[in-house]
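Below is one structure, written out as structure tokens; the observations come after it.
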Amino acid sequence: MTSVAALEASLTDLARVVAILRHEDWDRPTPCPAWSVGDVLDHVLEITDKFTRFAAGLTDAPRGRAPHARDRRAALEAVITESRAAWSRVDSGRTCHLPFGDFSATAAAGINAADVLVHTWDIARGAGVDYSMPADLVPGALAVIERLAAGDRDHHHYARPPAMADGSGPDTLLIASGRSPNWPERAGE
């Protein structure tokens, strides 16, 4: 699956999860320390907008813009529509300059896809929604996270993963991205 196709699939999956959230879910905690369900979705909106502006040719060094949407579902719909349009016509020869490195257009789409996939899990877990990552999206996202966590990357954005057993499933992806697949852990476990 291409990085652009993975991004589209990840965004579609996120939209399915967000569609079933209730108003009271926005303030619930998530596996992202100090971030609520609403905060995580706002982050995804901001990051996807940033990568969309790159794909649309508006900038080679995209920076995030804080979302100002009162209706997060409508904002997500708009971001998905804009993302699909921009990535369908991206110049694959361009380089995306991010605070943590320079990446090809293909790699930039993969970074956005991995971010959306993992944060969809965060949102679902925080809201108590039953969610399983699509198996076909996990290997590509894991490869992205492992690449970003390796070497001298800025570990503020992608934490260096703890030592873990070899694997390729969703739990491995979650651990590689600094999460516990068992969140929230119960006292005494």
Inset, instruction - Would you mind finding the one in 71, 102 that is out of contact with any Asp or Glu (no Cβ under 7 Å at 6 or more places or on another chain), within 30 Å of residue 150 (Cβ to Cβ) and not hydroxyl-bearing (Ser, Thr, Tyr)? - result: 102
Inset, instruction - Of the conditions (1) within 13 Å of residue 112 (Cα to Cα); (2) at pLDDT 95 or above, residue 55 clears all except one; give me its number. - result: (2)
Inset, instruction - Go through the stretch 1-24 and give me each residue that's charged (D, E, K, R) and crowded, with 18+ Cβ neighbours inside 10 Å. - result: 8, 13
Inset, instruction - Just one of (1) at pLDDT 95 or above; (2) surrounded by 14 or more Cβ atoms within 10 Å (Cβ to Cβ) trips up residue 100, so point out which. - result: (1)
Inset, instruction - Give just the number: which of (1) part of a loop (DSSP other than H, G, I, E, B); (2) of a type outside the set (D, E, K, R); (3) at pLDDT below 95 does residue 131 not satisfy? - result: (3)
Legend entry - Residue ID - nearest to residue 7 (Cα to Cα), chosen from residues in the stretch 103-113 that are touching a residue at least 40 places away in the same chain (Cβ under 8 Å) and surrounded by 17 or more Cβ atoms within 10 Å (Cβ to Cβ): 113
Inset, instruction - Give the residues of the stretch 78-118 that are among the small types (Gly, Ala, Ser) and in a helix (DSSP H, G or I), sorted by residue number. - result: 78, 83, 85, 86, 88, 105, 107, 108, 109, 110, 113, 114
Inset, instruction - Give the residue that is surrounded by the most Cβ atoms within 10 Å (Cβ to Cβ), with candidates limited to residues of the stretch 36-77 that are free of Cβ contacts under 8 Å to residues at least 12 places away in the same chain and assigned to a loop (DSSP other than H, G, I, E, B). - result: 59
Inset, instruction - May I ask you to say which residue of 5, 9, 56 is at negative phi, among the aliphatic types (A, V, I, L, M) and in contact with a helix residue (DSSP H, G or I) (Cβ under 7 Å, 6 or more places away or on another chain)? - result: 56
Legend entry - Total residues in the stretch 16-28, condition assigned to a helix (DSSP H, G or I), touching a residue at least 60 places away in the same chain (Cβ under 8 Å) and out of contact with any Lys or Arg (no Cβ under 8 Å at 6 or more places or on another chain): 2
Legend entry - Hey, residue 46 over 22 Å from residue 183 (Cα atoms), at pLDDT 95 or above and not β-branched (Val, Ile, Thr) or not: no
Inset, instruction - Might you check whether a residue that is surrounded by fewer than 16 Cβ atoms within 10 Å (Cβ to Cβ), at pLDDT 90 or above and more than 13 Å from residue 4 (Cα to Cα) occurs anywhere in the stretch 114-121? - result: no
Inset, instruction - Would you point out which residue out of 36, 83 is among the polar types (S, T, N, Q), at pLDDT 95 or above and touching a Ser or Thr at 6+ places or on another chain (Cβ under 6 Å)? - result: 83
Inset, instruction - Give the stretch 1-19 a look and list any residue that's closer than 10 Å to residue 112 by Cβ, out of contact with any Leu (no Cβ under 8 Å at 6 or more places or on another chain) and small (Gly, Ala, Ser), or say none. - result: 3
Legend entry - the stretch 118-139 residues that are within 14 Å of residue 15 (Cβ to Cβ) and in contact (Cβ under 8 Å) with a residue 24 or more places away in the chain, paired with ones that are part of a helix (DSSP H, G or I) and among the aromatic types (Phe, Trp, Tyr) (beta carbon under 8 Å, 6 or more apart): 131/121
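The values are calculated or read from the model by the stated rules, or taken from the named source; none is laboratory data. What you are looking at is a predicted structure, and each value in this text was computed from that prediction instead of being measured. All Cβ positions, even for glycine, are placed from backbone atoms using ideal geometry, and neighbour counts span all protein chains on display.
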